[in-house]
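Structure first, then comments.
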Ligand code: SF4
């Protein structure tokens, strides 16, 4: 049986985006003061976070793998994160 790469395995996931909005919210003022952008960008395996030209942090919440890594390392007060509502978010297809 052929061994799939991590990228190929992740591509099999299903993502159901909550039309009511994001389950991730960045407190931009705290994030700017604490340098949270670099931390969040480095830790997220799904590249959900990006630093925008104006210095704020953009959040592509639809790509979230719900691993919780960002919440574990975010400077206090910089991030609000909760699981998506039932029926929304990532559905893993390959373990
Ligand atoms: S929970 Fe994981 S995948 Fe989702 S934004 Fe945080 S680090 Fe990225």
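Read-outs throughout are calculated quantities, based only on the coordinates presented, and are distinct from any laboratory measurement. What you see is a predicted model, and the numbers here were worked out from it, not measured in a lab. Quick reminder, even Gly has a Cβ in these numbers, built from the backbone with ideal geometry, and neighbours come from all protein chains shown.
Each stretch of four or more DSSP H residues adds -39500 (n - 2.57); spread over every residue of the chain, this sum gives -6000 deg cm²/dmol at 222 nm. Put a dot 7 Å past the Cα of residue 53, heading toward its Cβ, do the same for residue 3, and the two dots end up 4.4 nm apart. Taken over the Cα atoms of region 21-85, the convex hull encloses 79 Å³ per residue. Cα-based values for region 1-48, radius of gyration first and Dmax second, are 15.6, 50 Å.
Sorting 36-45, 2-11, 78-87 by average packing, meaning the other beta carbons within 10 Å per residue, from highest down gives 36-45, 78-87, 2-11. Full extension of the segment from residue 60 to residue 11, taken as 0.36 nm per residue of separation minus the current Cα-Cα distance, would add 16.0 nm.
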